[in-house]
Amino acid sequence: MDLSTMNKEQLEAIKATEGPLLIMAGAGSGKTRVLTHRVAYLLDEKQVPSYNILAITFTNKAAKEMRERVDKLISEDAAKMWISTFHAMCVRILRRDISYLGYDTSFSILDPLDQQSVVRDILKTRNLDTKQHNPRSILAVISNYKNQLIKPEQAVAEAAGFQDELYSEIYKDYQEILYRNSSLDFDDLIMLTIELFNRKPDVLNYYQTRFQYVHVDEYQDTNHAQYQLVQMLAAKYRNICVVGDSDQSIYKFRGADIQNILNFEEDYPEARVIKLEENYRSTKTILDAANAVIDNNTERKPKNLRSNKGDGVKIDVNVSFSEREEGQRVVQKVQELSDKYSYGDMAVLYRANAQSRAVEDAFVKSSIPYKMVGGTKFYSRMEIKDLMSYLKVIQNPFDDISFQRIINVPKRGIGAKTIDKLRAHAEQLNSSIYDAIRDADFLGIPAKTVGKLMSLLQVLDNLKEKSKYLTMTELVDEVLADTGYHDMLSSDKTLEARSRLENLEEFKTVTREFDNDNPIADDNLFNFLSDMALVSDQDGMDDNSGVTMMTMHASKGLEFPVIFVVGLEEGIFPSRRVQFDDQELEEERRLMYVALTRAMDHLILSRAESRMLYGKTETNMQSRFLSEIPEELLESAGTMAAGFSGGSGVTTGTGSSFARGPKKRSRIINTNKTGTAFNVGDKVSHKAFGEGIISQVKGEGDNTELDIVFKTAGPKRLLANYAPLEKK
Ligand code: ATP
Ligand code: MG
C-alpha cells in the first residue's frame, strides 16, 4: 500500500488505529481520503478481517465511492466490510432481527408521500383540518421525537399545551398504523435499531463484537439517535474514528447536533485529536474567499487551513437582471469553459430546489446535457408510485398504505364502499386488507366484486412467487402486464399516457442497474425496494455526462473543478426565514462555506436583481455572504442588458468575462449570435434534434424563443440565440 502522498498528519491519522480518534479539519483537507486509506491500512497492513470493519458515510454515493477506493487500494476482497449510510446499515440489521420488535421481516419503508397520506388519514379520522394542521409540520414534529429517541407513550406523557398534546397523540396513532402495516419511516430505521439493541443485548453484543473498528464520516451532522447508535456499537472496543468539520454542520433542521463532535473528547477522554491544515482541493483564491466568509461566524473556533495549490483565477461574479438572465449566463459560462472542462466537471448549486427551474430552462433551451441530483420528482410521479406500490404489496402484504393505492388501479370496479368494508374487517382481525379479502364473501360485498378481488389476489400471489426467480426488470414487466397497468396506458392514446409509459420504461434503467449488481436471489425484491427507499440526495449522478445541478446541502463532501453558486441575494440566501436569528444565520453561513469549498479551480457566483420564485417577483439586495468576500478576489460583471449596473454591490471589476466578448464563447453559441432572424415557417436544422419547422416565435433579443416541430424529435421550445440552430 502506497502512503507516500500523505502528509505527516494524515499519515498519523491513518496509523492511529487503536483507541478513539477525532479528525477535525476544514474542507478539502483530506478527511474522507484519510478515512478510506485508514480502512485500507487496517485490512492490508494490520491484517484486520474486512468482516470486523464498519464505515459509515453520509450518502450512498459516498459509500459506493469509498468501497471502490478501498477496492483499488488493497488486494484483499473487501466485500464483507460494511461501508454504508446509517440508514442502509440499519436496514440490514433490522432485516435480520426486527421480528423481535413484532414487525415482519418483509417490512416496507415509507417515502415522504406515504408518510403524508398516513397523517392525512389520521387527521381525517380525528375530524381535523389539514389546512390548520399541516401534515408536513406534523411529520417534522414526529421526526424530531424520533431523532431524540422519544417514544409515543413518552411524548404523550410529557406533552404540555394543546398543540403538543395533539401532535403527540397523532404521533401515537401514526406509529400504530405503521406498526400494523409493518412499515417503517426513515427515522424508525435508526430508532428501532436502538430499541432492538436495548431489548436484545445479545443482538447488540453480536454487532459490538463484530465491528471492532468503527468509522464515521461527516460526524458533525449526526443527530442524537445516530450518535447514540455509534456509541452503542463502539462501546466494546472503543476503536472509533470520527471525522468532521464543525464549520460544515448544515443539517440542524434534521436534528443534527454540532455538539456531538464538539463533545467527542468528553465522551472519550483518552481520544487522540488530529488536525489537518492543508487543503488539496481548492485554489488559494477560492479558499481565501471561503475562509473570509466563515470568519464572520462568532460561535466557532478559528482554524488554519492553507491551500496547497497556487492562487488560481479570480472568482467571477455575475449580476443579472432577472433569474432567466442568470440562467442564460450560467449557460454561457458553461459553454465558454467547455473547451477546457467536460460538462461532468461542472456543477450548479442553489439554496432551494425551486431555484433550479430557471437554470434548467436555460440548459434545456441550449441543449446542454445536465442532470438534477436529489429532487425525488421522478419517483413521486403517479405511474412510478403505482408501480412501486405494487412491488411493495408483493413484498409486504401487510402494507395497506400501498395496497389502497393500487387496489383499483387500473379500474377494476372496486369502489370506496368495498374498500371501507375490507378496512373495517382488517381492523377487526388486526390484520391487513390483503388478508381481509380472503373473507370478502362474508362481508356483504357484491358477488361480482368479490370475483374481482379474488382475481386480483390471485395475480398478486402469482407475482410473489415469480419474484423469487425473476430479475427485477423481468418482474417489473410481469407486474405491468399481469395487473393490466400496461394495457391501461397503452390503450389510452393521450400524450400524457404516452409519457407515463416512457417513464415506466425509464424506470427499467434503474432495475437493470440493480440486476447487473445482484444475481437473482430470494431477497432481491426486498433489497431493491430498500435501495429505492434510501435513494438519497446525491444519487443519480453517477454518470459523468452532464452538468450537475443540486442544492448546496446535497453537495456536501463532493468536489468539482467548476462550481456555480446562483441566487446570492438577501432573502434567498440567507433565506428570509433566518435573517433575524443569529444561530440560524450562522448555519446558513456554514452552508455558504460548504458551497464555496466544493470548487477546485473555478468559482462563479451570481445574483439577479429581480427574481421570480414561487410565482412572485421580488427585488433583492446582494447577499451579505457575497459582500463578505474580499473584493480583490473577485472579478465582476454587470447585467447583460445594462452592462455594468454600477453602485449596487459587487460590480466594480473591469475585465468581466462577459465583456471580453463573444470571441471566447464556444462555437455553439456563436452559431446564432451572427443575428440570424427566424420566422414562422422557416426550416431549420438542430445539432441534436435534426430537421424541423418553426411554428412560433416569441419574445425578442436574447429572450427570443422558438417553438419548433422536429421531424423525429417532436415539438421543442428553444432559445433562438443559444440553441445550435441553422436555417436551411
Ligand atoms: P470535505 O470537508 O469537503 O468533506 P475532505 O476533508 O473530506 O473534504 P477529501 O475529499 O478527502 O477532503 O480531499 C479533498 C481532495 O484533496 C481530494 O481530491 C483528495 O484526493 C485530495 N487530497 C487529499 N489529501 C491529499 C494528499 N495528501 N495529496 C494529494 N491529494 C490529496
Ligand atoms: Mg469529506
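Annotations for the structure displayed:
- Restricting region 493-601 to chymotrypsin sites (Phe, Trp or Tyr not before Pro) in coil, as DSSP defines it, with at most 16 other Cβ within 10 Å: Phe580
- Modelled FRET efficiency - R0 56 Å, Ala157 with Asn308, Cβ distances, 0.05 increments: 0.50
- Relative contact order [Cα under 8 Å, 6+ residues apart], the chain, whole percent: 16
- Label-to-label distance, Tyr100 versus Thr712, with points set 7 angstrom from Cα along the beta-carbon direction: 6.0 nm.
- Shape category assigned to region 682-727 from the gyration tensor of Cα positions, a/c cut at 1.5: prolate
- Members of Lys61/Lys466; Lys151/Lys371; Lys392/Lys421; Lys15/Lys200; Lys8/Lys309; Lys616/Lys698 lying beyond 29 Å, as alpha-carbon distances in this model show: Lys61/Lys466; Lys151/Lys371; Lys15/Lys200
- Kyte-Doolittle at least -1.0, axis length at least 24 Å by Cα - qualifying DSSP helices, the chain: 447-466
- All other residues whose Cβ lies under 13 angstrom from that of Gln175 are scored, Lys and Arg at +1 and Asp and Glu at -1, for a net of -4.
- Count Lys and Arg as plus one, Asp and Glu as minus one, and take only other residues whose Cβ is under 11 Å from that of Val680; the net charge is then -1.
- Full extension of the segment from Leu166 to Ala447, taken as 0.36 nm per residue of separation minus the current Cα-Cα distance, would add 96.9 nm.
- Inter-centroid distance (Cα atoms) of region 102-171 relative to region 464-484, Å: 34
- Ordering Ala157, Tyr167, Thr125 by Cα displacement along the dipole of region 110-180 toward the positive end leaves Thr125 in first place; charges were set at the Cβ atoms of Lys, Arg (+1) and Asp, Glu (-1).
- Taking a Cβ cut-off of under 10 Å around Tyr434, the surrounding Lys, Arg, Asp and Glu residues balance to a net charge of -3, with basic ones at +1 and acidic ones at -1.
- Zone residues, region 36-65, relative to Asp517, backbone N less than 20 Å from point 7 Å out along Cα-to-Cβ: 36, 51, 53-65
- Whether region 110-180 is rounded, prolate or oblate, judged on the alpha carbon gyration tensor where a/c under 1.5 counts as rounded: oblate
- Label-to-label distance, nm, for residues given as Lys8 and Asp267 (7 Å Cα→Cβ offset): 3.0
- Helical runs assigned H by DSSP (4 residues or longer) give the chain a calculated mean residue ellipticity at 222 nm of -13500 deg cm²/dmol, each run adding -39500 (n - 2.57) before division by the residue total.
- The Asn296 and Ser610 beta-carbon pair, evaluated with R₀ = 22 Å, returns a calculated FRET efficiency of approximately 0.25.
- Within region 671-722, the trypsin sites (Lys or Arg not before Pro) that combine a DSSP coil assignment with at most 15 other C-beta atoms in a 10 angstrom radius are Lys687, Lys711.
- Cα principal axis extents for region 382-521, largest first, Å: 46, 38, 20
- Largest to smallest principal axis extent of the C-alpha atoms in region 317-466, angstrom: 72, 33, 26
- Available extension along the chain between His486 and Lys728 is 83.0 nm, counting 0.36 nm per residue and deducting the alpha carbon span.
- Distance between the 7 Å Cα→Cβ label points at Glu45 and Phe580: 5.6 nm.
- Kirkwood Rh, Cα atoms: Rg over Rh of the chain: 0.98
We did not get these values from a lab; they are worked out from the coordinates using the rules stated. Since the model is a prediction, treat every value here as computed from it, not as a measurement. Positions of Cβ are generated from backbone atoms using ideal geometry, with glycine treated the same way; all protein chains shown enter the neighbour counts.
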